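Asks: There's a structure below that I have some questions on.
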Amino acid sequence: MDGRKETLIALTIRARLTLWFFSFFMLAGVFLSVASWFLLRRSLDSLMHHELEERVDDVKGYLSKRSPGLNLQQLRDELQQEYRQKDEGKWLQVIDDEGNWLYFSSRDSVTDPIPSFPPESRELVPFHSRKKHSLRFYSSQVQAQGHEYFVSTAMSASRSEAILRGFRIDLWLLVPAVLLSAMTAGYLLSRKALSPVASIVAEARRINDHNLSIRVPVIHTRDELAELSETLNQMLDRIETAFRSVRSLTANASHELRTPLSLIRTRVDIALCFLRSAEQYRATLEDVQSEMVRMTSLVENLLSLARADAGTAQMQLQPVAMTALVAQMVREWLPTAERLSLDLKLNLITSPIWVLGNEELLQRLLRILLDNACRHTPSGGWITLEVEESGDLVRLAIEDSGIGIAEQDLPHIFERFYRAQKPLHQEPSGSGLGLSIAKWIADQHMASVTVNSTPGLGSSFHFIFPKFVSPPVPVKF
């Protein structure tokens, strides 16, 4: 049983289609052949039944019109004279209600009399004589001039059986030829129908991680195979994008981690070359600590993005007072802004505005935006935060008077590791992951992001959140 299952599984689709096609035509051919043979036989029997029934009706008509008062012998003579000349290849016998034979015809090839009147009246009954002749006879009880007569007639079925025998031989010869043609046609049709699949398979086998730009041939037939090839190409597009993203992430992460590690090693090697004062060792340790903080931040950002890509980042949503949260973050960053000689201010809102979100992630979003604003705004500049509601939406805006973002950089600022070039050929700062994480946090809160920027004048980030209309408790500022 298991071996038969393995054989069926090992068959190709082309072979299975051919077998199904052959099996269907074989069953259809056998059914049509048997049905045709029985229909032909029924038609021949119906024709003989009709001819014999006409002969019985003719006898009935003659007996109804005969001269009255004839005795038995006279009636026999008249019937003999009437039907001896109307033989027409049929046998005929007539018996009166007293069992007397009125007429009996016998052909030279058959010497047996027709059987006596059977119980199944008006039915065509097969009959074989001793000479193996096949006959069909028909009997009926008729009324004429107040008397009952039993009329039986028969005719040879040899011609009908010869026709059926010839038709059966033709079927035995024709059906195998048709089945063979059906199997051949099924194989050719399945081969033609599956030839695009073979080309798709051949091209797909060539694709590996080194040539993901190759695509399977698109079949312009507007059928399932065309949909399959288009779907495979779309999947390859996603795979290629994912591979490119992973390679870029690996290369950029390696580069970003190598830089602080190189600086740490350099500082430590220099410090170990010869004895230094406590102040010099302290300065070296402070530099090492600064690089370690940078590495820790980079690793945390990479882990956050990895969890986001894997879909394992857990986020519990609850009502958050956006006004209170923004006010808290302004107070947290106010010392940093004062140290950098920046004017950090918040456009106060008298009533609390609520959103459904994760407070920790929203704090991280604001820290990323405030950190970017502080790093890219020159001393003496300003940073403004504003929260306002508009219908069922909440708008969070962060604007600054910083260096701005060039027009060609705007479409790419949310890409991972992308860092816009600073003017005057300065090296870009940061890892290029902050805005990517900020965009992911906004997406998790179903918020849209709009960025406007003019180089030399500043930038503005606008986030539109869905409003939460049922806060649990009032919040005081």
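The values are calculated or read from the model by the stated rules, or taken from the named source; none is laboratory data. Please read these numbers as outputs of a predicted model, since none were measured by experiment. Cβ: placed from backbone, ideal geometry, glycine included. Neighbour counts: every protein chain shown. Quick note on the areas: whole protein, heavy atoms, side chains included, nothing else; ligands and nucleic acids left out. Shrake-Rupley method; radii C 1.70, N 1.55, O 1.52, S 1.80 Å.
Asks: State which residue pairs qualify: first residue within 17 Å of Glu53 (Cβ to Cβ) and of a type in the set (Ser, Thr, Tyr) and inside segment 126-142, second residue at pLDDT 75 or above and open to solvent by 80 Å² or more (accessible area, probe 1.4 Å) in any location, beta carbons under 9 Å apart, and separation of 6 or more residues or different chains.
Replies: Ser140/Asp57; Ser140/Lys60
Asks: Something else: For segment 374-385, what are the residues that are open to solvent by less than 50 Å² (accessible area, probe 1.4 Å), assigned to a strand (DSSP E or B) and not hydroxyl-bearing (Ser, Thr, Tyr)? Talk me through it step by step, then tell me what you get.
Replies: Restricting attention to segment 374-385, the residues satisfying the condition of being open to solvent by less than 50 Å² (accessible area, probe 1.4 Å) are 374, 377, 381, 383-385.
Keeping just the survivors that are assigned to a strand (DSSP E or B) gives 383-385.
Ile383, Leu385 - these are the residues of segment 374-385 that are open to solvent by less than 50 Å² (accessible area, probe 1.4 Å), assigned to a strand (DSSP E or B) and not hydroxyl-bearing (Ser, Thr, Tyr).
Asks: Related question: Would you call Glu148 open to solvent by less than 70 Å² (accessible area, probe 1.4 Å), in contact (Cβ under 8 Å) with a residue 12 or more places away in the chain, assigned to a strand (DSSP E or B) and of a type in the set (Asp, Glu)? Before you say what the answer is, go through the steps one by one.
Replies: Details: open to solvent by less than 70 Å² (accessible area, probe 1.4 Å): yes; in contact (Cβ under 8 Å) with a residue 12 or more places away in the chain: yes; assigned to a strand (DSSP E or B): yes; of a type in the set (Asp, Glu): yes.
So Glu148 passes the test.
Asks: Here's a follow-up. Could you grab the pairs with beta carbons closer than 6 Å, sequence gap of 6+ or different chains, first residue in segment 329-354 and within 13 Å of Leu370 (Cβ to Cβ), second one surrounded by fewer than 16 Cβ atoms within 10 Å (Cβ to Cβ) and of a type in the set (A, V, I, L, M)?
Replies: Leu344/Leu334
Asks: When you go through (1) at pLDDT below 80; (2) among the hydroxyl-bearing types (Ser, Thr, Tyr); (3) within 30 Å of Phe167 (Cα to Cα) one by one for Tyr83, which number turns out not to apply?
Replies: (3)
Asks: Now, a different point. Counting just the residues of segment 449-459 that are assigned to a strand (DSSP E or B) and open to solvent by 60 Å² or more (accessible area, probe 1.4 Å), which one comes out farthest from Gln318 (Cα to Cα)? Don't jump to the end; show me each part of the working.
Replies: In the first step, residues of segment 449-459 are kept if they are assigned to a strand (DSSP E or B); the result is 449-454, 458-459.
This time we only want the ones that are open to solvent by 60 Å² or more (accessible area, probe 1.4 Å), so: 450, 452, 454.
Working: Thr450: 25, Asn452: 30, Thr454: 36 Å.
Applying the filter and picking the extreme gives Thr454.
Asks: In segment 15-52, how many residues are of a type in the set (S, T, N, Q) and closer than 30 Å to Leu92 by Cβ? Steps first, please.
Replies: As a first pass, look at segment 15-52 and keep what is of a type in the set (S, T, N, Q): 18, 23, 33, 36, 43, 46.
Checking which are closer than 30 Å to Leu92 by Cβ leaves us with 43, 46.
So the count comes out to 2.
Asks: Given (1) open to solvent by 70 Å² or more (accessible area, probe 1.4 Å); (2) within 20 Å of Arg416 (Cα to Cα); (3) modelled with pLDDT under 85, identify the lone condition not met by Glu286.
Replies: (2)
Asks: How about segment 341-354: which of its residues are open to solvent by less than 40 Å² (accessible area, probe 1.4 Å), out of contact with any Leu (no Cβ under 8 Å at 6 or more places or on another chain) and at pLDDT 90 or above?
Replies: Leu342, Trp354, listed by residue number.
Asks: Here's another thing I want to ask about it. Identify the single condition in (1) over 22 Å from Ile403 (Cβ atoms); (2) at pLDDT 90 or above; (3) touching a helix residue (DSSP H, G or I) at 6+ places or on another chain (Cβ under 9 Å) that Leu361 does not satisfy, given that it satisfies every other one.
Replies: Condition (2) is where Leu361 drops out.
Asks: Across segment 218-235, which residue is farthest from Ser190 (Cα to Cα) among those that are open to solvent by less than 50 Å² (accessible area, probe 1.4 Å) and either aromatic (Phe, Trp, Tyr) or touching a helix residue (DSSP H, G or I) at 6+ places or on another chain (Cβ under 9 Å) (or both)?
Replies: Per the criteria, the residue is Leu232.
Asks: Out of everything in segment 63-77 that is part of a helix (DSSP H, G or I) and open to solvent by less than 50 Å² (accessible area, probe 1.4 Å), what residue ends up being nearest to Ser156 (Cα to Cα)? Let's see the steps before the verdict.
Replies: In the first step, residues of segment 63-77 are kept if they are part of a helix (DSSP H, G or I); the result is 63-65, 72-77.
Next, only the ones that are open to solvent by less than 50 Å² (accessible area, probe 1.4 Å) stay: 63, 75.
Details: Leu63: 25, Leu75: 27 Å.
The residue in question is Leu63.
Asks: Within segment 257-264, can one find any residue that is at pLDDT 75 or above, open to solvent by 70 Å² or more (accessible area, probe 1.4 Å) and assigned to a helix (DSSP H, G or I)?
Replies: yes
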